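A short worksheet on the structure shown next.
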Amino acid sequence: MTTEERVDQLVRDSDPGGLGMMGDLGGVKQTLLEDIMSESLVRRSVGMPPRRLWVRRFAGVMTAAAVLLCIVPASMVLRGQGEDDGVSPIVSAGAGAGAVFSPLAMEAAERSPRLLIDQAGWTVVALAEFSENYGVVRFRRGGRELEMNWYAAYVYTDRYAGQRDAGPGKSVRVDDWPADAFQSLSGDFTVLLRPRDNLVVEMKTSENWSRKDLDRVLADIVRVDARTWLAVLPAEMVMPVRERAAKVLADVPLPPGFDMAALEEIGVSDPYHFNVGVTSRVGCGWIAEWQRARSSGDKAGVRRAADALRSSHGWRVLRDMDKAGDWPEVFWEYADEIAAGTLRASYSQGLGCA
């Protein structure tokens with residue numbers, strides 16, 4: 001089955017009633033390629049290491065499509081549409097304005113730009129890398145998408161110079177935040193916001209936008225508080241990490257000394273990237289145990305670690321993820337090496353082990 005067919009199947013599976021809520025993936029693949037190139041160049045230019053699993057982001061977008069039925073437009077929270085009883089409809093469809101968020105989720109939201117599109121129909125379809133100095137969130141309405149990436153403020157000069165190479169920008173404002181809008185030769189737009197609160201925000205459109213479309217959306221982007229920002233996300237993106245992890249690890253053997261509390265570092269993210277973070281830590285833990293057992297002559301420990309990693313071919317989380325992306329294949333390659341008694345040094349980077 002081709003990638004296009006897999007995407008179409010995921011969309012059909014996610015909208016069994018034919019309600020048309022999934023929209024169209026449009027220019028995601030082309031946008032992704034441009035994002036990968038620009039992200040890699042920026043990180044090299046500022047001396048930052050390559051971001052692991054960035055190339056899996058399209059898989060994350062496809063996985064996110066499967067949960068769109070529990071996502072509601074940001075405008076339902078911002079404008080309170082349908083609040084006949086004083087409670088926003090988002091409470092039953094998404095995280096909800098009355099939801100209780102973990103301190104870590106609130107902290108992560110406070111560190112982010114917290115920008116939302118205050119127009120009916122826009123939904124959050126992907127969220128990843130929600131860390132202190134970097135994050136990405138993708139919004140969609142129909143066949144149009146807008147992705148917001150944020151970085152540490154010190155990369156602004158390089159980002160701006162890179163956009164100027166394609167031509168002059170036009171000064172715009174986003175919720176009274178000074179910015180510059182650039183249009184590439186292929187027709188898509190990039191809006192680069194000036195540094196604020198130690199962050200710089202870069203917005204990228206899919207390829208089917210007109211200048212009028214862009215101006216209309218920019219005029220309706222608003223900055224909100226942390227709680228409102230979290231409330232528009234699907235409930236499963238912001239539910240307590242331990243609760244999410246328990247579902248992922250239901251049939252997964254844990255290595256000795258596995259620290260469940262450390263999973264809090266993964267934080268707010270879409271299902272695909274959350275599952276990557278959890279299984280990465282499990283795999284790295286078993287590899288560390290295998291190495292320890294080998295070096296100490298603990299044959300039983302070696303067998304136990306090898307058997308645990310070999311069993312990963314049957315883990316439900318990886319089998320489900322294999323329908324949407326390549327992370328399971330990467331994981332299984334190293335697991336199979338361990339089972340055969342070998343291990344490449346590249347495992348640390350490949351699996352994201354510290």
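The values are calculated or read from the model by the stated rules, or taken from the named source; none is laboratory data. The model shown is predicted, which means the values in this text are computed figures rather than measured ones. Ideal geometry is used to build each Cβ from the backbone, glycine not excepted, and the neighbour counts take in all protein chains shown. Keep in mind that these areas ignore ligands, DNA and RNA; they rest on the heavy atoms of the full protein, side chains included. Shrake-Rupley method; radii C 1.70, N 1.55, O 1.52, S 1.80 Å.
General observations
- Remark: accessible surface ordering of Glu264, Glu289, Glu333 (largest first) is Glu333, Glu264, Glu289, probe radius 1.4 Å.
- Annotation for Cys353 and Leu104: the two label points, set 7 Å from Cα along the Cα-Cβ direction, are 2.2 nm apart.
- Computed over region 149-245, the convex hull of the alpha-carbon atoms projects to a mean area of 7.9 nm².
- Estimated FRET transfer efficiency (Arg164, Asp326; beta-carbon r; R0 56 Å; 0.05): 0.95
- Residue-normalised accessible area of region 208-354, given per residue in Å² at a 1.4 Å probe: 44 Å²
- The simple spin-label model puts a point 7 Å past each Cα toward its Cβ; for Asn208 and Thr157 those points are separated by 4.1 nm.
- Accessible surface ranking that places the most exposed of Phe258, Phe189 first, with a 1.4 angstrom probe: Phe258, Phe189
- Ordering of 291-304, 197-210 by burial proxy (mean other Cβ atoms within 10 Å per residue, highest first): 197-210, 291-304
- Over region 127-193, volume per residue of the alpha carbon convex hull, in Å³: 110 Å³
- Computed FRET value (nearest 0.05) for Arg310 with Ala262, which takes r as the C-beta separation and R₀ as 25 Å: 0.55
- Solvent accessible area, Å² - Trp177, 1.4 Å probe, full protein context: 10 Å²
- C-alpha center-to-center spacing [region 119-181, region 231-257] in angstrom: 29 Å
- Distance in nm between pseudo-label sites at Arg242 and Ser184 (7 Å out along the Cβ direction from Cα): 4.4 nm
- Distance violations [Cα-Cα > 25 Å] among Lys204/Lys323; Lys170/Lys204; Lys247/Lys323: Lys204/Lys323
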